[in-house]
Amino acid sequence: MTTRYPIAYVRRSSADADNPGDVSREAQEAAIRQLAHRDGHNGNLRVLVDWDRSADEAKESKRTAFLSMLAAIEAGEVSAVYAASLDRLYRSIRTFVRLTDAARKHDTRIVTAREGVLGGDGSPMAQAFAEITAVFAGLELRTAKARAAGALAVRQARGDHIGRAGYGQKLARVDGAIVTVPDPEHPLGPILEAVREAGSILGACKLLNERKIPVPGKPRTNGDRPIWHPTPLRRIIERNAAELVPAAGPTGRRTPTHSALAQLLTCHCGHVLTPEPARKGYRCTMGNRTGRDTHGPMWVPERAILPALQAEAAHLRVPHKEYEAAGTVDGRRDALRARLARYAELYAEGTFDRERYDAEKARAKRDLAALDAETTAVAIPAAVDWTWPPETLNTVLRALWASVQVDRTMRIPGPEAFAWRVPEWRA
């Protein structure tokens, strides 16, 4: 026969670096352990935690610890559930019914420090009181959502900055509105200087660690010393100086543009070729996966395809000096900004949790960055100068052609391989 055990359940709706809720967690666990100790449970108490998880019924799938607890109850493995209060367990009638039905069927006691035993002595009045707590827990959640939405509307109308200030900035009240201002304790100058000097995010991390520049948030450590990591540094650069980070290519990867044909050559299998600057060539990484027998050759030296590129570029005839992506994009940009504002509202209402909000916000910002790149004016010369630096040459060639496709021999078959952005430019 399976030995039944008690469970301690701990939950908090929101937590972040500025407000991790350590005191709340300690208080909940202390109250729960005291309850379990009164019933004679000591070493066999299992603690399940849903931290930074809302009890909103719509987000129940995020409460993995609660779902594990419910499954254990339904399997007949749990003797008792202890919590600080009933609103830590549920905030809707439906969740209340699921939990209490499973507990009643498998003889599991639910005990809280605030309300006592759920259902009390089992009398109709005790059962009614338990149901009322579920109603008011749901009311409290909906009231909090309405209050947060109202506060967000007021802050947006006032022009407040929504969310936390990024690295190099802090929140301050200016003319009645809460806005971001430069933070003298965490200046951006040394960060940008390190990226420009190193020429890469990873190299900049090494420089920043050597120069002991303060690391944001809760950084990784090397012994007792905080160290910079590429991911948070990239986010800082994308937010404050996106031009220092290579643009995302068709595959979503950020390929450095110090190769003249970076993000331009497309393999016959459909994948963008990856530059290998040290070897002065380009490789199809998909060919490495499928094998040479299936894919055919997977690498081409730049010198082997450069004559075909030069011959095609000689047909360039541009009637004007500048190229700008066609089409009006103001409407698309406004729509993306509206999406960002709506995501902030959904987060304030509690519909989005922090993970979902950060992901959607990052996606919308990437779309905005791509839109800005699409409308960047690029000078188109009368002819391509093949002695230009690789970065300049790459910029001009990608303004001329959307892609250049190589065949199964990793060569450019002819003019049909070139996708001109403006067909009329080819004489």
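Screening region 393-411 for residues that are outside any loop (DSSP other than H, G, I, E, B) and open to solvent by 60 Å² or more (accessible area, probe 1.4 Å) and picking the one that is modelled with the highest pLDDT gives GLN405. Filter region 196-214 for residues that are open to solvent by 60 Å² or more (accessible area, probe 1.4 Å) and assigned to a helix (DSSP H, G or I); which is nearest to GLU391 (Cα to Cα)? The selected residue is ARG196. Only residues that are modelled with pLDDT of 75 or more, open to solvent by less than 100 Å² (accessible area, probe 1.4 Å) and out of contact with any strand residue (DSSP E or B) (no Cβ under 8 Å at 6 or more places or on another chain): list them for region 101-131, please. ASP101, ALA102, GLU115, GLY116, listed by residue number.
State whether the residues of region 1-19 include one that is assigned to a strand (DSSP E or B) and open to solvent by 20 Å² or more (accessible area, probe 1.4 Å). The answer is yes, given that some residue of region 1-19 is assigned to a strand (DSSP E or B) and open to solvent by 20 Å² or more (accessible area, probe 1.4 Å).
Inspect all residues belonging to region 256-271 and state whether any of them is modelled with pLDDT under 75, surrounded by fewer than 17 Cβ atoms within 10 Å (Cβ to Cβ) and within 19 Å of ALA399 (Cα to Cα). I'd like the intermediate steps shown before the answer.
To start, the set of residues in region 256-271 that are modelled with pLDDT under 75 comprises 256-258.
Filter again for surrounded by fewer than 17 Cβ atoms within 10 Å (Cβ to Cβ), leaving 256, 258.
From what is left, the residues that are within 19 Å of ALA399 (Cα to Cα) are 256, 258.
Looking for residues that are modelled with pLDDT under 75, surrounded by fewer than 17 Cβ atoms within 10 Å (Cβ to Cβ) and within 19 Å of ALA399 (Cα to Cα), one finds at least one in region 256-271, hence yes.
What residue, among those in region 58-77 that are without any contact (Cβ under 8 Å) to a residue 60 or more places away in the chain and not hydrophobic (A, V, I, L, M, F, W, C), is surrounded by the fewest Cβ atoms within 10 Å (Cβ to Cβ)? Top of the filtered list is SER61.
Against the numbered list (1) modelled with pLDDT under 85; (2) out of contact with any helix residue (DSSP H, G or I) (no Cβ under 6 Å at 6 or more places or on another chain); (3) more than 29 Å from ALA149 (Cβ to Cβ); (4) open to solvent by less than 50 Å² (accessible area, probe 1.4 Å), GLY414 comes up short only at (1).
The values are calculated or read from the model by the stated rules, or taken from the named source; none is laboratory data. Because the structure is predicted, anything quoted here is derived from the model rather than measured. Reconstructed Cβ throughout: ideal geometry from the backbone, glycine too, with neighbour counts over all protein chains shown. The protein model used for the area step is the full one, side chains on, heavy atoms only, and it has no ligands, DNA or RNA in it. Shrake-Rupley method; radii C 1.70, N 1.55, O 1.52, S 1.80 Å.
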